[in-house]
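Okay, so here's the structure we're looking at.
The values are calculated or read from the model by the stated rules, or taken from the named source; none is laboratory data. Please read these numbers as outputs of a predicted model, since none were measured by experiment. Cβ atoms come from the backbone with ideal geometry, glycine included; neighbour counts cover every protein chain shown. Accessible surface areas use protein heavy atoms only, side chains included; no ligands, DNA or RNA. Shrake-Rupley method; radii C 1.70, N 1.55, O 1.52, S 1.80 Å.
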Amino acid sequence: IADIYRAMGQFDKARNADFEAIAIRPDWPDAYYGLAETAFYQHRFQEAVEWTKAGATKDIPQTFMIVNPRDYDQYPLIVLGNSYAQLNDFESAAGNLRRALMVNPNQQVLGNLRLIEQELDGRKLVDSFLTVWEHLGKNDEWLKARHLFNSAPKMIQKVPIVQEKQRFTTEVTA
């Protein structure tokens, strides 16, 4: 029932249905994962992480009902990975999406992972750039630091902390 409400965008009703399901079967992970999905759709990403983790503490239901095994192994990892990405925890996001891909290769998940890895690479590049800038500054080599900004890739030049350091370097060398 909660899945239907979620599909219709009626998130409060979906949450209520999931809470009712937990009251009936607190040992099944389905409703916890449902609450995680609802939280994700509502942009409550930390809550989505917490509900996914809560669901992961439950065993897969032993039932005669037809269940989709991906509901218990891959989908929670996707919700977790995408939630971490929205929280700017790209290392955790990438790790969870890699695990999801190991369960079942999926082009959409692969696309998300590639975007996250690009973000990680960009952040590492900025960190390395700032490390070189700090080294030059500590050694009072401000003219070299100024030249460093002139040769920086355009994507780095748009990062606010880099712009701030460039303004400082320009003032020092004026």
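The table below lists the values:
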| item | result |
| --- | --- |
| Cβ pairs under 6 Å, 6+ apart, first in region 1-26 and farther than 22 Å from Gln62 by Cβ and hydroxyl-bearing (Ser, Thr, Tyr), second open to solvent by 50 Å² or more (accessible area, probe 1.4 Å) and at pLDDT 95 or above | Tyr5/Lys13 |
| Residue in region 61-73 that is at pLDDT 95 or above, open to solvent by 90 Å² or more (accessible area, probe 1.4 Å), assigned to a loop (DSSP other than H, G, I, E, B) and closer than 30 Å to Gln10 by Cα present | no |
| Residue that is nearest to Phe11 (Cα to Cα) [pool: residues in region 22-60 that are surrounded by fewer than 20 Cβ atoms within 10 Å (Cβ to Cβ) and polar (S, T, N, Q)] | Gln42 |
| Search result, residues across region 147-174 that are open to solvent by less than 90 Å² (accessible area, probe 1.4 Å) and assigned to a helix (DSSP H, G or I) | Leu148, Phe149, Ile156, Gln157, Ile161, Val162, Gln163, Lys165, Gln166, Thr169, Thr170, Val172 |
| Scan of region 86-98 for residues that are open to solvent by 20 Å² or more (accessible area, probe 1.4 Å) and either among the aliphatic types (A, V, I, L, M) or assigned to a helix (DSSP H, G or I) (or both), ordered by number | Gln86, Leu87, Phe90, Glu91, Ser92, Gly95, Arg98 |
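One line per residue, one yes/no per condition, for (1) of a type in the set (Gly, Ala, Ser); (2) within 30 Å of Trp28 (Cα to Cα):
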residue: Met102; (1), (2): no, yes
residue: Ile116; (1), (2): no, no
residue: Asp121; (1), (2): no, no
residue: Glu134; (1), (2): no, no
residue: Ser151; (1), (2): yes, no
